[in-house]
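Right, one structure below, let's go through it.
The values are calculated or read from the model by the stated rules, or taken from the named source; none is laboratory data. A quick note: this is a predicted structure, and the numbers were derived from the prediction, not measured. Every residue, glycine as well, gets a Cβ built from its backbone with ideal geometry; the counts of neighbours run over all protein chains shown. Only protein heavy atoms, including side chains, enter the accessible area calculation; ligands, DNA and RNA are left aside. Shrake-Rupley method; radii C 1.70, N 1.55, O 1.52, S 1.80 Å.
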Amino acid sequence: MRIIHLVAWSLVASLPFLTGCAQLKSLKKPLAPLEAFSPQDLNSQFQNVEYVPKIESFVIILDASASMEEKYTGTVNKGHPKFTVAKDILMRMNNTLPEIDIKSALVTFGHRFFTPLNKTSIVCDLTKHSRDHLADALNRTNPPQGSSPAGDGIEDAWNLLLTSGGQNAVILVSDGKELIGSPMEKIKDLKDTYGDRVCLYTIFVGNTPEDEMALRELVRIAKCGFSVTADEIASSDNMADFVKKVFLDAVPKQGRDIDSDGDGVADKDDECPDTPKGAMVDARGCWVVKGINFDYKKWDIKEKFNSNLSNIVDILQQNPDMHIRIEGHTDNIGSLKYNIGLSQKRAQAVKNYLVEKGIQESRISTEGFGFKKPIASNDTEDGRALNRRAEIVPIK
């Protein structure tokens, strides 16, 4: 009887603990579904040009290491595992890329601690690209595990591209965390073999500036390509811009207007010709600081801005002889004198950011125009927000 009482008491005593666990479990907030994405149809978007491949082949190198299981703290699909965010960004790219005659391959690196010889996985070999083919390959990737032998993934890309005789792109998608396998040396080997026939593009799906810098350093060594973050290219417009820069050349349709600088804006509509390769432009074809529309009477650059400032840094690093002028602009609220000063502060804020990232101060000049050069109507709040901007002008 004593034993029965003890068992009964033990069960009763455990009820609050079990109930508490159930309550905690019920309080755990489920993840929201992945954000919806509507890709642009590039070949139907422009009447005067059509897009043809600028490269013969591309290889995606996807980080499948254990750190990619961590929650993403950026903007796009915040709270989801970084690996999920990375695959979603690649799906957005895949759905935006037109069905063109091009070859693709997918490599992952990371995998199991207990199978150290399997540092990478060639999910699909270099073969004719199709959206369905790449989507199926992304869905077949193993869950993230193990360390981050990015160098081995780059070596796989080196081998896969041996059968490609034309221009090539390598797209590395990673959180940049604790990359091993001598990735810098492997990039040098890649360039020694392919020279100008290969460019490196990195997509950062991580949480710290230090890890982002690791990817940008690889692009600097490659001397061709550029770095972006997942947040920078998540939107339909910015993803279309990324796809055009990496994969496509614009050619005239039956002798119509051409796009000489390849920025997606026909020459007849391009207000800013000769933008540098890889620059992200607006609908006018002008090189702009995207994602930063300054608050009313403000000029500070906040960390939360989903901007393309890192892309501007990359372009300046790849073109060490290039000098630029940063032009600040405002809406029309207030006097011209006040807005000239405010616009100068906005231009200077962008300059300060670039200098902090290692760009020589002597390469950058600034000018404030106040409200003298609007690009939208100042009669609406949306128009005024567009006019509070900064633009980049290359100086020859």
**OP:** Considering each residue of the stretch 83-111, count those that are touching a helix residue (DSSP H, G or I) at 6+ places or on another chain (Cβ under 8 Å) and part of a helix (DSSP H, G or I), and give that number.
**Re:** 11
**OP:** Filter the stretch 369-381 down to residues that are open to solvent by 50 Å² or more (accessible area, probe 1.4 Å) and over 21 Å from residue 280 (Cα atoms), then give me how many there are.
**Re:** 6
Subject >> Any chance residue 190 is within 22 Å of residue 90 (Cβ to Cβ) and open to solvent by 20 Å² or more (accessible area, probe 1.4 Å) >> reply: no
Subject >> Which listed residue, of 126, 106, is within 16 Å of residue 60 (Cβ to Cβ) and without any contact (Cβ under 8 Å) to a residue 60 or more places away in the chain >> reply: 106
Subject >> Cβ-Cβ under 9 Å pairs, at least 6 apart or on other chains, the stretch 59-72 side without any contact (Cβ under 8 Å) to a residue 40 or more places away in the chain and assigned to a strand (DSSP E or B), far side of a type outside the set (A, V, I, L, M) and crowded, with 24+ Cβ neighbours inside 10 Å >> reply: 71/82
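Yes or no, residue by residue, for (1) more than 23 Å from residue 241 (Cα to Cα); (2) open to solvent by less than 60 Å² (accessible area, probe 1.4 Å); (3) among the aliphatic types (A, V, I, L, M):
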position	(1), (2), (3)
308	no, yes, no
337	yes, no, no
345	yes, no, no
353	yes, yes, no
356	yes, no, no
361	yes, no, no
364	yes, yes, yes
367	yes, no, no
**OP:** Kindly indicate the residue of the stretch 141-158 that is farther than 26 Å from residue 243 by Cβ and among the hydroxyl-bearing types (Ser, Thr, Tyr) and also most open to solvent (accessible area, probe 1.4 Å) among those meeting that condition.
**Re:** 147
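One line per residue, one yes/no per condition, for (1) modelled with pLDDT under 90; (2) more than 23 Å from residue 274 (Cβ to Cβ); (3) in contact with a Lys or Arg (Cβ under 8 Å, 6 or more places away or on another chain):
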position	(1), (2), (3)
342	yes, yes, yes
345	yes, yes, no
349	yes, yes, no
353	yes, yes, no
357	yes, yes, no
360	no, no, no
366	no, no, yes
371	no, yes, no
381	yes, yes, no
**OP:** For residue 141, indicate whether it is touching a Ser or Thr at 6+ places or on another chain (Cβ under 6 Å), touching a residue at least 24 places away in the same chain (Cβ under 8 Å) and assigned to a loop (DSSP other than H, G, I, E, B).
**Re:** yes
**OP:** Please work out if residue 71 is of a type in the set (D, E, K, R) and either modelled with pLDDT of 95 or more or more than 30 Å from residue 244 (Cα to Cα) (or both).
**Re:** yes
**OP:** Within the stretch 224-244, identify whether any single residue is over 29 Å from residue 39 (Cα atoms) and open to solvent by less than 20 Å² (accessible area, probe 1.4 Å), and answer yes or no.
**Re:** no
**OP:** Among the numbered conditions (1) open to solvent by 30 Å² or more (accessible area, probe 1.4 Å); (2) more than 14 Å from residue 142 (Cβ to Cβ), tell me where residue 81 comes up short.
**Re:** (2)
Original post:
Out of curiosity, is residue 161 in contact (Cβ under 8 Å) with a residue 24 or more places away in the chain, assigned to a helix (DSSP H, G or I) and in contact with a helix residue (DSSP H, G or I) (Cβ under 8 Å, 6 or more places away or on another chain)?
Top reply: yes
Original post:
Quick check, is residue 161 buried (at least 22 other Cβ atoms within 10 Å of the Cβ) and within 17 Å of residue 55 (Cα to Cα)?
Top reply: yes
